[in-house]
1. What's the whole-number percent of alpha carbon pairs in chain B lying beyond 28 angstrom?
2. Using alpha carbons only, how many angstrom separate the centre of the stretch B:128-142 from the centre of the stretch B:212-255?
3. Per residue of the stretch A:27-34, in order, report the coupling 6.51 cos²θ - 1.76 cosθ + 1.60 (Karplus, θ = phi - 60°) as ³J(HN,Hα) in whole Hz, putting x for Gly and Pro.
4. Taking every residue in A:62-71, how many Cβ atoms of other protein chains lie within 10 Å of its Cβ, on average?
5. Which of rounded, prolate or oblate describes the protein assembly as shown when judged by the alpha-carbon gyration tensor and an a/c cut-off of 1.5?
6. Please work out whether chain A counts as rounded, prolate or oblate from its C-alpha gyration tensor, where a ≥ b ≥ c are the square roots of the eigenvalues and a/c under 1.5 means rounded, while otherwise a/b larger than b/c means prolate and anything else oblate?
7. If we count GluC sites (Glu not before Pro) as exposed when they sit in a DSSP loop and have at most 15 other beta carbons within 10 Å, what is the longest stretch of chain B that avoids them all?
8. Rounded to the nearest 0.05, what FRET efficiency is calculated for B:Asp40 and B:Ala79 with R0 set to 60 Å and r the Cβ-Cβ distance?
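A short reminder: the numbers here are calculations on the coordinates, not readings from a lab. Everything quoted here is computed from the prediction, not taken from an experiment. Cβ placement follows ideal geometry from the backbone for every residue including glycine, while neighbour counts extend to all protein chains displayed.
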Amino acid sequence: MIYLNYLFQVVFLLILLSVESTLATPIFTLYLLFKLLDRFNPRDDRSFYYLIASLLLLSFCLALFYQLGISICIVLVFLYYYLRSLFGSKMFSKNFQQWQILQLSLFAALQIAIFFLSGLSLNIFMLVQGLLVLILLIYRTIKINRL
Amino acid sequence: MFNYPKITRYFFATVVLLFVFLLDFLGLLGLSTWRSGVIDWQAKNYQAMQVLTQPLAQVRQMWQLREKLEDLEYRYREASVQLTELEALREENQALRNLLENTNQVHQKSFITRPISSFAKPVLSLGSDSDLQVGSVVLGEGNLLGIIEELGKQQARVLLLKDMQTQGVVAKTESGVKGIVKGDGKDILFTEVLSEAELNLRERVVTIGQEGIGPDIFIGRIVSLKEQDQAKSTQTAILQQDVNFYELSLVEVQP
């Protein structure tokens, strides 16, 4: 049953990526996907291989939908995931707000890299997307800090 | 000392990535079919988005139309004012025209045509097909240039004033001195002027009016006086015209 759940999530993410890639950067897709990948915290060999396979698949999908080179996508995705895990694990996780800002900065850097590499241009959909992200961030801030 | 399982995993991951890089480097991961499929899919997505955002586009279009309508209304009001002014001008123009027609100039039908110079012969591109007649007056910018001498179906030969050696045009100066305008093949002459009459240089010479030629048509200005022959009781002056038939782009013919 859990695998069926994963399958549905992957299908949903693919559809979301196809929609987002039409006009904008994959903000929601990558956010949800990395949230999903957090479950494959590599405690054993099996979860590690699943993680590697998932990251490879994500790189292929990004390369396809954003017309990028596969090597570049692999480098981007793996580097992002490595830095994200590094910042999240030991060195910079002294306080939660610092961790949040680092994660956000990394994510923004990844999005900007995709934006420039795939030659996208600013449009109204991107602004709508940015507005939605802003609303989401405000909502999360309120929820986490119990304002 | 060494975490062998971890090292093995990372080694495996590195090998897999290097393998993929190698495939990509060798061009074996082009995925052109997949890419074209994705592009088609994105095109469909774009169409669907356009359908979904059509109401927004229509609202924006309506806003633009509203601005356009406001602009048109403004222009309409402006045009109405201009139209009123034009109406007033037209009435004034008609009144002036009536005034002129009632005094000395009869508004009559005339033809506008291009002068043609063929072997230095002055010709017009109008003929009997256009109801022209021999003797019709040819004007250039209001100056009398000559009359129609020969008529073809679509061409008419002009007898210029300087070539009028046998016939002439009855004319007068501003001061009322009468005479006949003729030509000697070279100059336009104001002849048959009484020797007692006083001719002034730069004086305007206009028609008096005769059959086929209306009155008060400007001919030219007196530029010099010929030596008076004591045996004759008349004097002659040379006229100069302000326009030249061969240099005009359009002339007017009054049939």
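1. Roughly 63 percent, rounded to a whole number.
2. Distance between centres, Cα-based: 18 Å.
3. Taking θ as phi minus 60°, the curve returns 5, 5, 4, 5, 4, 5, 5, 6 Hz for the stretch A:27-34.
4. Average neighbour count from other chains, rounded to a whole number: 4.
5. Judged from the Cα gyration tensor, the protein assembly as shown comes out prolate (a/c at least 1.5, a/b above b/c).
6. rounded
7. B:1-140
8. With a Förster radius of 60 Å, E is 0.70.
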